[in-house]
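Written out below as structure tokens is the structure these notes cover.
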Amino acid sequence: MGLNLNDKKAVVAEVSAQVANAQTIAIAEYRGIEVGDLTVLRKKARESGVYLRVLKNTLVRRAVEGTPFAGLAEHMVGPLIYSVSADPVAAAKVLNDFAKTNDKLVLKAGSYAGKVLDKAGVQALASVPSREELLSKLLFVMQAPVSGFARALGALAAQREGAAA
């Protein structure tokens with residue numbers, strides 16, 4: 001059963017609200033995916049803070065009209081699942097990671113920072129480490145000199161004790 005006009009307006013408003021806060025949108029064709037697999041994908045998306053929905057393409061075109069994501073409209077053909085996130089990497093990462101294990105999900109396109117990305121661009125964006133990963137790497141790099149200095153002082157103190165004995 002189709003949506004009535006009020007339902008369509010509500011969907012466009014909901015998607016517009018998500019798009020207004022988004023940095024990235026990734027889209028993929030989901031033809032032939034089993035319901036159980038789609039449930040797993042939705043769970044991963046929720047855990048990553050990604051808005052993930054199967055939507056009518058015409059409604060999404062209306063929602064992205066006049067936004068930096070408007071260039072994606074030409075790729076909105078066929079049965080698509082939309083991944084939208086405020087995190088620059090999360091939307092692409094969720095779909096890309098799932099597509100690695102399920103060949104029925106085919107990445108089509110995406111948009112980041114006002115630029116439309118093809119499949120390879122979405123995969124490249126998905127391979128960028130998340131903010132948390134980058135912060136932990138930075139912290140490790142910052143701690144390395146301090147811990148090395150502490151080990152050197154400990155070794156020097158051990159040598160002096162050995163020489164004094």
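From the list GLY32, GLY36, GLY66, GLY78, which residue is of a type outside the set (Val, Ile, Thr), outside any helix (DSSP H, G or I) and over 21 Å from LYS119 (Cα atoms)? Break it down into steps so the answer makes sense when it comes.
Values: GLY32 fails: over 21 Å from LYS119 (Cα atoms); GLY36 fails: outside any helix (DSSP H, G or I); GLY78 fails: over 21 Å from LYS119 (Cα atoms).
It is GLY66.
Can you tell me which condition ALA120 does not meet? The list is (1) modelled with pLDDT of 80 or more; (2) surrounded by 10 or more Cβ atoms within 10 Å (Cβ to Cβ), and all the others hold.
Status for ALA120: all satisfied but (2).
State whether one or more residues within segment 70-84 are surrounded by 12 or more Cβ atoms within 10 Å (Cβ to Cβ), in contact (Cβ under 8 Å) with a residue 60 or more places away in the chain and not aromatic (Phe, Trp, Tyr).
yes
Out of all the residues in segment 97-118, which are assigned to a strand (DSSP E or B) and among the basic types (Lys, Arg)?
The first filter runs over segment 97-118 and keeps only residues assigned to a strand (DSSP E or B), leaving 106-112, 115-117.
Result: LYS108, LYS115.
Is segment 90-102 home to any residue that is in the same structural domain as LEU41 (by TED's automatic domain parsing), out of contact with any helix residue (DSSP H, G or I) (no Cβ under 7 Å at 6 or more places or on another chain) and without any contact (Cβ under 8 Å) to a residue 12 or more places away in the chain?
yes
Anything in segment 41-69 that is within 25 Å of ASN102 (Cβ to Cβ) and free of Cβ contacts under 8 Å to residues at least 12 places away in the same chain? List them, or say none.
ARG42, LYS43, ARG46, GLU47
Within segment 13-24, can one find any residue that is in contact (Cβ under 8 Å) with a residue 60 or more places away in the chain and hydroxyl-bearing (Ser, Thr, Tyr)?
Looking for residues that are in contact (Cβ under 8 Å) with a residue 60 or more places away in the chain and hydroxyl-bearing (Ser, Thr, Tyr), one finds at least one in segment 13-24, hence yes.
For segment 14-53, name all the residues that are of a type in the set (Lys, Arg) and farther than 19 Å from LYS108 by Cα.
Taking segment 14-53 and keeping what is of a type in the set (Lys, Arg), we get 31, 42-44, 46, 53.
Those that are of a type in the set (Lys, Arg) and farther than 19 Å from LYS108 by Cα: LYS43, LYS44, ARG46.
Does VAL94 meet the test of being touching a Phe, Trp or Tyr at 6+ places or on another chain (Cβ under 9 Å), closer than 16 Å to ALA22 by Cβ and either hydrophobic (A, V, I, L, M, F, W, C) or at pLDDT below 90 (or both)? Before the answer, list the steps.
On the way: touching a Phe, Trp or Tyr at 6+ places or on another chain (Cβ under 9 Å): no; closer than 16 Å to ALA22 by Cβ: yes; either hydrophobic (A, V, I, L, M, F, W, C) or at pLDDT below 90 (or both): yes.
When the stated conditions are applied, VAL94 does not pass them.
The values are calculated or read from the model by the stated rules, or taken from the named source; none is laboratory data. Since this is a predicted model, take the numbers as computed values, not measurements. Neighbour counts are summed over all protein chains in view; Cβ atoms, including those assigned to glycine, are modelled from backbone coordinates with ideal geometry.
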